[in-house]
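Remarks on the structure that follows.
The values are calculated or read from the model by the stated rules, or taken from the named source; none is laboratory data. All values reported here derive from a predicted model rather than from experimental measurement. We place every Cβ from the backbone using ideal geometry, glycine too, and count neighbours over all the protein chains shown. To get the accessible areas, we keep the full protein, side chains included, count just its heavy atoms, and leave off ligands, DNA and RNA. Shrake-Rupley method; radii C 1.70, N 1.55, O 1.52, S 1.80 Å.
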Amino acid sequence: MSATPARPAHGQRALDRTDPEGAVAEAAAEVSNWGRWGDDDVLGTVNFLDEGKRREGAALVRRGVSFSLAQRFDMDGPQTGWRRRTNPVHTMLDTGLDAERGVQGFPHGIGGADDVISMPLQCSTQWDGLGHIFDHGRAWNGRAAGDVVTSEGDRVTGIEHMAPHLVGRGVLLDLGRHLADGELPDGYAITEDDLRACIAAQGPTAQVRRGDIVLVRTGRLARARREGWAGYAGGPSAGLSFTTAGWLHRTEIAAVATDTWGFEVRPNEFDDAFQPLHQVAIPHIGLTIGEMWDLDALAADCAIDGRWDFFLTAAPIPVTGAVGSPVNPVAVK
């Protein structure tokens with residue numbers, strides 16, 4: 001399959017590639033959730049994920065089989081230094097050798113190991129928080145970006161607010177399997193029509209409902225593992241089309257995550273643009289976005305048993321004031 005240009009979805013006119021700013025402004029006006037949950041809201045669409053949705057998710061556990069959807073956090077990771085992002089650096093503070101040599105200073109022969117990790121919070125499997133992206137200096141719910149994120153961190157919508165909430169019904173949409181031989185080509189823009197067709201093909205358990213956490217598999221991570229990391233972080237990739245902003249809003253999903261570095265199609269669908277769907281989804285819809293999730297093993301299991309929904313727990317590390325967080329999402333079927 002070869003990459004195709006963006007196609008208009010239901011009721012959506014084709015994009016004007018020369019006017020990204022106009023397209024962002026128009027989409028933002030159509031899908032804005034500013035004020036929907038009050039002026040003080042810090043959760044955005046995660047408000048849709050309530051106690052009922054968590055019970056619904058828990059009821060999906062039948063076999064007890066679980067899947068970690070996280071990449072490993074180590075030096076063999078996707079980052080190449082863009083915007084000073086590096087792979088995790090893991091350092092031992094105490095080792096077994098220290099214990100053997102008796103240099104740790106503990107009594108009665110006890111010894112131990114201890115370690116530390118240094119990494120950007122968005123270097124691998126992660127959530128983008130609501131303070132991660134701004135539109136013309138405005139953050140989620142219309143706040144001034146400078147009042148939200150300062151040198152002290154995100155003082156309003158820090159990722160710690162999400163920690164108790166991101167648990168519920170997950171739904172996997174395997175666009176790589178539905179549209180291709182498992183892997184979409186770089187530059188393929190997934191439209192609303194594609195999402196609808198995938199849901200229909202996968203059947204009733206793939207129906208997307210209010211409060212769901214939707215996972216979109218393109219196959220990009222599988223190819224990176226096979227061919228190497230070159231181009232994965234910041235390079236060309238299949239992803240969601242800018243035209244899906246309306247679908248992301250109308251479905252009232254709680255969050256969305258993909259197996260790609262940037263969630264949306266790259267190159268972006270305008271002549272001169274950088275992540276325009278982020279610019280609408282995070283500050284205007286209030287949508288929490290996950291990136292670099294490992295969906296391959298889960299997708300293979302879903303294809304075998306024909307069930308595409310599951311219990312998903314995906315709490316971020318509650319780093320106070322952070323605008324993103326590593327996560328080890330676990331799907332249980």
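With θ taken as phi - 60° and the Karplus curve 6.51 cos²θ - 1.76 cosθ + 1.60 applied, the whole-hertz 3J(HN,Hα) list for region 282-288 is 7, x, 9, 6, x, 8, 7 Hz, x standing for glycine and proline. To the nearest 10, the accessible area of K53 is 10 Å² with a 1.4 Å probe. Helices in the chain, meaning DSSP H runs of at least 4 residues, each add -39500 (n - 2.57). Divided by all residues, the mean residue ellipticity at 222 nm is -6000 deg cm²/dmol.
Per residue, the accessible area of region 172-301 comes to 27 Å² when a 1.4 Å probe rolls over the protein heavy atoms. Calculate, for R101 and R225, the FRET efficiency according to 1/(1 + (r/R0)^6) with r their C-beta to C-beta distance and R0 41 Å; round to the nearest 0.05. About 0.55, to the nearest 0.05. Of interest is the spacing of the C-alpha centroids, which for region 96-121 and region 142-207 amounts to 40 Å. A simple spin-label model places pseudo-atoms 7 Å from Cα toward Cβ; at A29 and M92 they are separated by 6.2 nm. Using the Cβ of D296 as centre and a radius below 13 Å, the other residues enclosed give a net charge of +1, where K and R count +1 and D and E count -1. Placing +1 on the Cβ of every Lys and Arg and -1 on the Cβ of every Asp and Glu, with no other charges, gives the chain a dipole of roughly 720 debye about its Cα centre. In the chain, the longest principal axis of the Cα atoms and the axis of helix 296-305 are about 70 degrees apart. Sorting 249-261, 313-325 by their mean Cβ neighbour count within 10 Å, with the most densely packed peptide first, gives 249-261, 313-325. Shape summary of the chain, radius of gyration then Dmax from alpha carbon positions: 20.5, 75 Å. Using the Cα centre of region 164-269 as the reference point, and only Cβ charges (+1 on K/R, -1 on D/E), how large is the resulting charge dipole? Debye, rounded to the nearest 20. Computed charge dipole of region 164-269: roughly 300 debye.
With a Förster radius of 30 Å applied to the beta-carbon distance between A300 and D40, the computed FRET efficiency rounds to 0.10.
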